[in-house]
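Visitor: Quick one: this structure, given as C-alpha cells, is what I'll be asking you about.
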Amino acid sequence: MELSRKVMQIQPSATLKISAQAKQMIADGVDVINLGIGEPDFQTPENIKQAAIESINNGKSSFYTPATGLPALKKAISQRIEVDHGYHFDPSQIVVTDGAKMALFTLFQVILNPEDEVLLPVPYWVSYSEQVKLASGVPVEVGTDRQLRFTVADLEAQRTPKTKALVLNSPQNPSGLVFSRAELTAIVNWAVQHDILIVADEIYEKLLYNGNHFTSVLELGDDNMSHVVLINGVSKAYSMTGWRIGYAAGPKEIMAEMGVVLGHAASNPAAVSQYAAIEAFSGDQSSVETMRQGFEQRLNELYPLIANLPGFKLPGGKPAGAFYLFPDVTETLRLTGYADAPAFVTAVLNEAHVGLVPGEAFGLPGHIRISYATDMVSLRKAYQRLQQFIEHKM
Ligand code: PLP
C-alpha cells in the first residue's frame, strides 16, 4: 500500500532516535552515557507529585476535561505569565496541550496553508521543520553567523510573499543562545511590520546561568501581541517531561481553532497531569531555582573541558541558557578522519558508549549537541571517554 507522501518525507526525530538506540544498548547491558536527549534528570518536585496523587485519590482525574485544558490550569498559567513577564493573557487565549511539542504541532496545522513558509533560524530544534512539513508548509532556513546569531538582514533575505511565521526559540536548543533585548526588539519589529507571526518558544526561560538575563517577547510591548504566539510548558523548568503538559497563548482566533483541532485529535491532555501542572505553576517555585543552580554548576565544570577537546570550537562562548553545548567539530572530524558528524556520533556511541546528536538534526552540519542534563559524575566520565576516543583516532 502506498503510504502518505507527506508523511514519507518526514525524518524521524534524531534526538529520540539516538536516545532509543542508546537505551537499547543499555538494555543489552552496555554501559552507555546518553548525552543525546534534552531531559532534566531531576525528579519532579514533591509538591507537584502530591497534587497529582491527591487528584487521583479524590477522583478528580478520572474524567475528560475541556479539550483546551482545565479552567483552573489556564488561570494558573495566566497568573504565572503575569507575575513573570507582566503581560496578561485572558484564559480564553490559552490552550493546554500534550507537551509544548503538541502545542507547536497544532499551531502549525491551524496557521499554515499549502506552501506557506515558516522561517527557522539555524540551528533550530529538530521538530520545527518536520512539523511545518506535516502541516503542508515549507520550512525556510535562515542563516546565522559563526556565533550562531542572526539579524534582521538575514531574515529579510529569506522573506517572500508566502512567509507566514518565524520561530524564535530563546534560550535556544541546541546552542543555549539567548537573544538580547535589543536583538529581540529589532526582530519583533521586523516581523510585525511584515505581518509575520512570531512563534516564541520560551520553554527554557527558567534556565539562565551566570547572571545572564532572559527577555521574553511578552515584555516588548502590548502592540506586538496580535503577532505573537507564546509556546511554553512544564517539561524543562519543573522537570516534568513525562507528564506531557505544554501550552500555547496568543490571539483568541488562533487559539479557538487550535481548540477545534485538539478536540478531534486529542480530546484533552491527561487530567492527572493537568492537576500536577496547576501546582507547578502556582505552588512553591523554589525547586525551579534549585534545579537551575544544579545545571549551572554542571555547565561551569563541563564547558572548559569540552571547549578544550581537540578541534572543538565554541565560537559563541559559554552558553547563557538551556542545557546544551553545541560545538563546531569540523576540525575534529578532519583530525579523526570521519566524513561528517553523523558518522562521528555513531562511532562515539558504538565505541566510546556516549550518546550525542549530530548537528544535521538542527540544520547545521559539522556540529554536535551535548546535553548536560545528567549528573556530574556521568558527565565527567563521558568527557573522559570522548577525549580518549578522539585522541585514539587522531
Ligand atoms: N521546544 C523546544 C525548543 C524543546 O527543546 C522541546 C523539548 O525538547 C520542546 C519544545 C518540547 O517540549 P515538551 O513537548 O516536552 O513540552
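Visitor: Could you check how many residues of segment 225-245 are under 21 Å from LEU168 (Cα atoms) and either more than 11 Å from the ligand (Cβ to nearest atom) or surrounded by fewer than 24 Cβ atoms within 10 Å (Cβ to Cβ) (or both)?
Guide: Qualifying residue count, segment 225-245: 9.
Visitor: List the pairs whose first member sits in segment 203-224 and is in contact (Cβ under 8 Å) with a residue 60 or more places away in the chain and within 16 Å of the ligand (Cβ to nearest atom), whose second member is assigned to a loop (DSSP other than H, G, I, E, B) and of a type in the set (Lys, Arg), and whose Cβ atoms are under 6 Å apart, counting only residues at least 6 apart or on separate chains?
Guide: Pairs that qualify, where the first residue is in contact (Cβ under 8 Å) with a residue 60 or more places away in the chain and within 16 Å of the ligand (Cβ to nearest atom) and the partner is assigned to a loop (DSSP other than H, G, I, E, B) and of a type in the set (Lys, Arg), are ILE203/LYS236; TYR204/LYS236.
Visitor: Tally up the residues in segment 304-330 that are touching a strand residue (DSSP E or B) at 6+ places or on another chain (Cβ under 7 Å) and either over 19 Å from LEU364 (Cβ atoms) or surrounded by fewer than 16 Cβ atoms within 10 Å (Cβ to Cβ) (or both), please.
Guide: Residues in segment 304-330 being touching a strand residue (DSSP E or B) at 6+ places or on another chain (Cβ under 7 Å) and either over 19 Å from LEU364 (Cβ atoms) or surrounded by fewer than 16 Cβ atoms within 10 Å (Cβ to Cβ) (or both): 1 in total.
Visitor: With respect to TYR204, determine if the residue is among the hydroxyl-bearing types (Ser, Thr, Tyr), assigned to a strand (DSSP E or B) and touching a Gly at 6+ places or on another chain (Cβ under 9 Å).
Guide: Details: among the hydroxyl-bearing types (Ser, Thr, Tyr): yes; assigned to a strand (DSSP E or B): no; touching a Gly at 6+ places or on another chain (Cβ under 9 Å): yes.
For TYR204, the condition - among the hydroxyl-bearing types (Ser, Thr, Tyr), assigned to a strand (DSSP E or B) and touching a Gly at 6+ places or on another chain (Cβ under 9 Å) - is not met.
Visitor: Right, another one. Looking at segment 49-72, can you tell me whether even one residue there is more than 20 Å from ASN268 (Cβ to Cβ) and in the same structural domain as ALA277 (by TED's automatic domain parsing)?
Guide: So far as segment 49-72 goes, no, none of its residues is more than 20 Å from ASN268 (Cβ to Cβ) and in the same structural domain as ALA277 (by TED's automatic domain parsing).
Visitor: Can you find a residue that is out of contact with any strand residue (DSSP E or B) (no Cβ under 7 Å at 6 or more places or on another chain), part of a loop (DSSP other than H, G, I, E, B) and more than 16 Å from the ligand (Cβ to nearest atom) anywhere in segment 13-28?
Guide: yes
Visitor: Take the conditions assigned to a loop (DSSP other than H, G, I, E, B) and away from the ligand (no atom under 12 Å from the Cβ) and apply them to HIS264. Does it pass? Steps first, answer last, please.
Guide: Working: assigned to a loop (DSSP other than H, G, I, E, B): no; away from the ligand (no atom under 12 Å from the Cβ): yes.
For HIS264, the condition - assigned to a loop (DSSP other than H, G, I, E, B) and away from the ligand (no atom under 12 Å from the Cβ) - is not met.
Visitor: Further question: I'd like to know if segment 106-121 contains one or more residues that are at pLDDT 95 or above, assigned to a helix (DSSP H, G or I) and closer than 15 Å to GLY363 by Cβ. Full working, then the answer.
Guide: Quick first cut of segment 106-121, residues at pLDDT 95 or above only: 106-121.
Okay, now just the ones that are also assigned to a helix (DSSP H, G or I), so 106-111.
Cutting the leftovers down to closer than 15 Å to GLY363 by Cβ gives us none.
Within segment 106-121, not a single residue is at pLDDT 95 or above, assigned to a helix (DSSP H, G or I) and closer than 15 Å to GLY363 by Cβ.
Visitor: Residues that are without any contact (Cβ under 8 Å) to a residue 60 or more places away in the chain and either hydroxyl-bearing (Ser, Thr, Tyr) or closer than 16 Å to GLU202 by Cα (or both): does segment 80-89 have at least one?
Guide: Checked segment 80-89: at least one residue is without any contact (Cβ under 8 Å) to a residue 60 or more places away in the chain and either hydroxyl-bearing (Ser, Thr, Tyr) or closer than 16 Å to GLU202 by Cα (or both).
Visitor: Check off (1) within 16 Å of the ligand (Cβ to nearest atom); (2) exposed (fewer than 15 other Cβ atoms within 10 Å of the Cβ) for HIS194 and give me the number that stays unchecked.
Guide: (1)
Visitor: Okay, next question. Can you tell me how many residues in segment 350-384 are crowded, with 22+ Cβ neighbours inside 10 Å, within 24 Å of ASP28 (Cα to Cα) and among the small types (Gly, Ala, Ser)?
Guide: Total satisfying the criteria: 4.
Visitor: Now a separate question. If you check ALA249, ALA270, which single one turns out to be under 13 Å from GLY99 (Cβ atoms), modelled with pLDDT of 95 or more and within 16 Å of the ligand (Cβ to nearest atom)?
Guide: ALA270
Visitor: Here are GLY359, GLY316, GLY321: which of them is in contact with a Leu (Cβ under 8 Å, 6 or more places away or on another chain) and either modelled with pLDDT under 95 or not assigned by TED's automatic domain parsing to the domain that holds ASP31 (or both)?
Guide: One residue alone meets the criteria, GLY316.
Visitor: Still on this structure: Only one of VAL83, VAL118, VAL110, VAL122 is within 13 Å of ALA165 (Cβ to Cβ) and either surrounded by fewer than 23 Cβ atoms within 10 Å (Cβ to Cβ) or within 12 Å of the ligand (Cβ to nearest atom) (or both); which? Lay out the reasoning, then the answer.
Guide: On the way: VAL83 fails: within 13 Å of ALA165 (Cβ to Cβ); VAL118 fails: either surrounded by fewer than 23 Cβ atoms within 10 Å (Cβ to Cβ) or within 12 Å of the ligand (Cβ to nearest atom) (or both); VAL122 fails: within 13 Å of ALA165 (Cβ to Cβ).
Among VAL83, VAL118, VAL110, VAL122, only VAL110 is within 13 Å of ALA165 (Cβ to Cβ) and either surrounded by fewer than 23 Cβ atoms within 10 Å (Cβ to Cβ) or within 12 Å of the ligand (Cβ to nearest atom) (or both).
Visitor: Filter segment 366-383 for residues that are small (Gly, Ala, Ser) and outside any helix (DSSP H, G or I); which is nearest to PHE312 (Cα to Cα)?
Guide: Across segment 366-383, the extreme among qualifying residues is GLY366.
Visitor: Identify, please: which residue in segment 144-173 is modelled with pLDDT of 95 or more and part of a loop (DSSP other than H, G, I, E, B) and is, among those, surrounded by the most Cβ atoms within 10 Å (Cβ to Cβ)?
Guide: Only one residue fits best here, namely PRO171.
The values are calculated or read from the model by the stated rules, or taken from the named source; none is laboratory data. Owing to the predicted nature of the structure, the values given are computational and were not obtained by experimental measurement. Ideal geometry is used to build each Cβ from the backbone, glycine not excepted, and the neighbour counts take in all protein chains shown.
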